[in-house]
Amino acid sequence: MKKFKVVILSEAQNDLRYAIDYYSKIDIKLAKRFLKATKTTVNDLKKMPLFQIKYDQIRLRIIQKFPYTIHYLVNERNQTIFIYGIRYATSDPKTWPKP
């Protein structure tokens, strides 16, 4: 199976920076572990992106060992994943990113 291409949209990049800043204030090693876990999850999505749709064609994937989810849309025809957000798992659904 061919790997999907990943496009991380600006809102998701901002979410990632915010989370890394948050964890950096606690412990720089924790922030590095979060970034590594996020990269691993994104790489896993490249191989297997078709998880259950949760809202507005958006799928969610939990970042392992951290209470964050990746919100993404899959374009199967172009084999592209668009990451719309990286949000705290219990964030208000009203604030979730929209496609």
Exercise for review: Please indicate, with yes or no, whether at least one residue in the range 66-78 is within 14 Å of ASP15 (Cβ to Cβ), in contact with a Pro (Cβ under 8 Å, 6 or more places away or on another chain) and not in a strand (DSSP E or B).
Suggested key: no
**Study point:** Filtered residues of the range 34-57 (kept if over 9 Å from the mean Cα position of the chain (by Cα), closer than 21 Å to ARG17 by Cα and either part of a strand (DSSP E or B) or not charged (D, E, K, R) (or both))
**Key:** PHE34, LEU35, ALA37, THR40, ASN43, LEU45
Point to revise | Among the residues listed as TYR23, TYR18, the single one being of a type in the set (Ser, Thr, Tyr), in a helix (DSSP H, G or I) and farther than 22 Å from PRO99 by Cβ | key: TYR23
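Could you please find all residues in the range 4-53 being small (Gly, Ala, Ser) and touching a Ser or Thr at 6+ places or on another chain (Cβ under 7 Å)?
Quick first cut of the range 4-53, residues small (Gly, Ala, Ser) only: 10, 12, 19, 24, 31, 37.
Answer for the range 4-53, where residues must be small (Gly, Ala, Ser) and touching a Ser or Thr at 6+ places or on another chain (Cβ under 7 Å): just ALA31.
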Exercise for review: For LYS2, state whether it is without any contact (Cβ under 8 Å) to a residue 40 or more places away in the chain and among the charged types (D, E, K, R).
Suggested key: no
Review point. Of all residues in the range 63-80 being surrounded by fewer than 14 Cβ atoms within 10 Å (Cβ to Cβ) and within 12 Å of the chain's Cα centre (by Cα), which is nearest to LYS98 (Cα to Cα)?
Key: PRO67
Review point. Just a yes or no: is a residue in the range 18-36 out of contact with any Pro (no Cβ under 8 Å at 6 or more places or on another chain), exposed (fewer than 14 other Cβ atoms within 10 Å of the Cβ) and of a type in the set (S, T, N, Q)?
Key: no
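Values in this text are rule-based calculations from the coordinates and carry no lab data. Quick caveat, the model's predicted, so the values are computed rather than measured. Please note: Cβ atoms are built from the backbone with ideal geometry, for glycine as well, and neighbour counts cover all protein chains shown.
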